[in-house]
Amino acid sequence: MQMVQSLSCLHLCRAITSQTISSQGLFSPLHLLHLRLVSTGSHLCAKPRNLAKGKRDVSEKKLTRYFVDHRKVRVVGGTGGDGASCFHSEPRKEFGGPDGGDGGNGGHVIFKVDNCVKSLSSIAAVYQGFQGEPGRSKNCYGKGGEILYVKVPVGTLVKENGVIIADLSTPGEEFVAAYGGVGGKGNRFFLSNENRAPVLATPGDPGEERCLHLELKTMAHVGMVGFPNAGKSSLLRLLTNARPAVAAYPFTTLNPHVGVIHYQDYEQLAVADVPGIIEGAHQNRGLGLSFLRHIERCRILMYVLDLTHPEPWTQLNSLEYELNQFDESLPLRPHVIVANKLDLPNARKTLECLGKKVKGRIIAVSALTGENAEELILYLRELYDGHRPEGKRAKPYLGW
């Protein structure tokens, strides 16, 4: 009886089974009842799960808690290991001299750009580098501390006291945020003709400590600028594979979304949907400066106007004014005026008035029906090829 109690459930099942087979050659109802009681894999005991329900969609408001574009970080390099103070001693060689090794250097803290990271939400408040190991006898040096890599998204600015010290805009780019301390010297280092038995050993230096400010700016070729509820998110869904939230109320988009336009010659254009700008945004009203700076990295601007507005040209004047107050170079960049919601009533009459009031290329589109979407995509490619950075040769253009 004691042996049976000490067995596990699996062993108990095997014992009962073997006993039943040897005595009767088959299972009795009583043994079947016992086997069912000790069984842990029965579907009758399993917790029911509703597999019909799919994964719930995350709302735009919940997504904002994961999108962080500002972060204050304190980085501290690893402390160097202490040097050892000891003397070599063995039979027939009692006075072998000093043999204390140096301590290992502390590990650096390095910011590294990673394409898989999209925001600064995963950045901690403090990063402490790994310490170096102390030196040992027999001239053994301590092991240096490992490098601590901190992954940051593309387009991260590193500031210290309001001054930009690093612009991380290339995937795989690295920046040493804090250097590790130098390891201490063992007494072997201080051996000289004047001092044949030094006992001095220095401790490791502390690592560098800095308070840095990380700021994320969206990296895109084209930036969509417009007032709330102008249809920017719907237009981004039409042009690219991005799927931002769309609703019939202002400020549906609370964080930037980036989509990619793919062309036939394998060229790709990134398009950023920047949250809606209101009058006084340069004075930090509304979403304010926190999202105006995302437009600074965009090479081409796309002014999205609402044709349901009675005077859409006033929207364009307000947008240009807000951008000019924030950065005087923004209105001078290549741009295209997109008149959205062409499918709604009286939109074409408003478009005619807009053409008389505004100078420049106007492309009227409908984000709902897709009208003139291809014309807009081709024109964006023309602007991109015409203002390509120096050193980059344009590819043969084959269309969309």
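The values are calculated or read from the model by the stated rules, or taken from the named source; none is laboratory data. Model, not experiment: these values are computed from the prediction. Don't worry about glycine lacking a Cβ; one is built from the backbone with ideal geometry, like all the others, and counts go over all protein chains shown. Heads up: the accessible areas ignore ligands, DNA and RNA and are worked out on the full protein's heavy atoms, side chains in. Shrake-Rupley method; radii C 1.70, N 1.55, O 1.52, S 1.80 Å.
Select from the stretch 67-98 the residues that are among the charged types (D, E, K, R) and surrounded by 17 or more Cβ atoms within 10 Å (Cβ to Cβ) and write down the one among them that is nearest to the chain's Cα centre (by Cα). Don't jump to the end; show me each part of the working.
Of the stretch 67-98, the ones among the charged types (D, E, K, R) are 69, 71-72, 74, 82, 90, 92-94.
Adding the requirement that they be surrounded by 17 or more Cβ atoms within 10 Å (Cβ to Cβ) leaves 69, 71, 82.
Numbers: ASP69: 10, ARG71: 12, ASP82: 37 Å.
For the stretch 67-98, the residue satisfying everything is ASP69.
Taking GLY162 as the residue in question, decide whether it is over 16 Å from GLU209 (Cβ atoms) and surrounded by fewer than 16 Cβ atoms within 10 Å (Cβ to Cβ).
Against the criterion (over 16 Å from GLU209 (Cβ atoms) and surrounded by fewer than 16 Cβ atoms within 10 Å (Cβ to Cβ)), GLY162 qualifies.
Residue-by-condition table, conditions (1) among the polar types (S, T, N, Q); (2) farther than 15 Å from VAL109 by Cα; (3) modelled with pLDDT under 90:
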position	(1), (2), (3)
ALA166	no, no, no
GLY180	no, no, no
LYS185	no, yes, no
SER192	yes, yes, yes
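Scanning the stretch 206-223 for residues being open to solvent by less than 80 Å² (accessible area, probe 1.4 Å), farther than 19 Å from HIS70 by Cβ and over 19 Å from the mean Cα position of the chain (by Cα) gives a total of 4. Summed over the stretch 194-219, residues that are out of contact with any Lys or Arg (no Cβ under 7 Å at 6 or more places or on another chain), in a loop (DSSP other than H, G, I, E, B) and either under 30 Å from ILE377 (Cα atoms) or basic (Lys, Arg) (or both) total 1.
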